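Enquirer: One structure, pasted below without further comment.
The values are calculated or read from the model by the stated rules, or taken from the named source; none is laboratory data. Bear in mind the structure is a predicted one, so any value in this text is a computation, not a measurement. Note that we place each Cβ from the backbone using ideal geometry, even for glycine, and neighbour counts take in every protein chain shown. The area values use the complete protein model at the heavy-atom level, side chains included, leaving out ligands, DNA and RNA. Shrake-Rupley method; radii C 1.70, N 1.55, O 1.52, S 1.80 Å.
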Amino acid sequence: MRVAAVGDLHVVPGSAHRLRPLYQRAAMVADLLLLAGDLTNAGDLESAAELCTVVTGLDLPVVAVLGNHDHDAGAGGQVAAMLGDAGAIVLEGTAATIETSSGAVGVAGVTGFSDGQDAGRAATDGTAAHRLRDALASLDTDVRIALTHYAPVMETLTGEAPEIHRFLGSPLLGAAIDGSRAGTAPPAPVTAPAVDTAADPGPLDAGDLIGMAAPEPTTMLAVHGHAHHGQEMGWTPGGTPVRNVARPVIVAPFAVYRLPDGARIG
C-alpha cells in the first residue's frame, strides 16, 4: 500500500489554481492522501474554501486532521465541515476505515497538543491522547495509521530550537500510539494440537502449546506535521515509524510512504 501525506499547506486565497494540479497527481502514485493539519494559514473561511477547491473530487480518499492555525479564526468546526462537504474525512479523536485499491486501511486521527500548554488545558490534552489510543484500538484492519498535527515523539523535532520542542508535540501522543498495540482483538484459538513435552505428564503450561495466539495488531505508520524545521524520520518507543510531513521538511507537495515498513518511495 502507498500512502501520500503532507502537512502545513497554509493555503491562502488565490492559491488553489497552483495547488490543484499537484494534488491531482497523488492519485497516480498513492492509494490514500493524508493531510496533517495547518491546512489553512489563518483558519478563515475564504482560505478554507480555497482548500476545498484543491481536494474536491481527487481520485483517491483524503483523510485530514486540523492544525492550530486552522483554529486561529475561531471557525475550526466550520473548516472541518467544509472539508467534509468536499469529500474529505476529518478526524478528531475518531477513526475511519477506508477501502482503497490496495485494500482496507484504518486511520485514527487527532490534532494533538504540546507539553507547553497551560495547566488549564492539560486535562483536555491528556484526554486527546487517550482518544487517539482508543480510536486506534477500535480499528479492525490489518493496516492502521495514526494521523496527528502535533509531533508524537521528540526525535522528529531535531532541527527545531530545543527550547520550543515542548510547544511542538508531546510524548503522550507517542505513548497513545504504542498503547494501541494491544488492540481489541481476542486471542486467536490454538491452531494445532497441544502437546505436553514434560517428562512427567501433567497439566499443560504455556510452553507446551503449539500454535499460540496471533500477534497483536500494530500501528504501521504515524504521520504528523507542525515541526517546520524538524527532521522527517523517527520512531515511537514501541517501534512504530513516525514521519514528519510538514511541507518544508519533505520539500515536496507530498511524500509517498510504502506500508508496512513506512519507507519513503516518492
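Enquirer: Filter the helices (runs of 4 or more DSSP H) completely within region 1-93 down to those with at least 2 residues that are under 26 Å from F167 (Cα atoms). Talk me through it step by step, then tell me what you get.
Expert: Numbers: elements: 16-24, 26-29, 45-55, 76-85.
Per the criteria, 45-55, 76-85.
Enquirer: Identify, from the list G230, G234, G179, the residue that is under 20 Å from V6 (Cβ atoms), outside any loop (DSSP other than H, G, I, E, B) and either in contact with a strand residue (DSSP E or B) (Cβ under 6 Å, 6 or more places away or on another chain) or modelled with pLDDT under 95 (or both). First the steps, then the outcome.
Expert: Working: G230 fails: outside any loop (DSSP other than H, G, I, E, B); G179 fails: under 20 Å from V6 (Cβ atoms).
Testing whether each residue is under 20 Å from V6 (Cβ atoms), outside any loop (DSSP other than H, G, I, E, B) and either in contact with a strand residue (DSSP E or B) (Cβ under 6 Å, 6 or more places away or on another chain) or modelled with pLDDT under 95 (or both) leaves just G234.
Enquirer: For region 50-99, enumerate the residues that are of a type in the set (V, I, T) and open to solvent by less than 20 Å² (accessible area, probe 1.4 Å).
Expert: Restricting attention to region 50-99, the residues satisfying the condition of being of a type in the set (V, I, T) are 53-56, 62-63, 65, 79, 89-90, 94, 97-98.
Correct list: V54, V55, V62, V63, V65, V79, I98.
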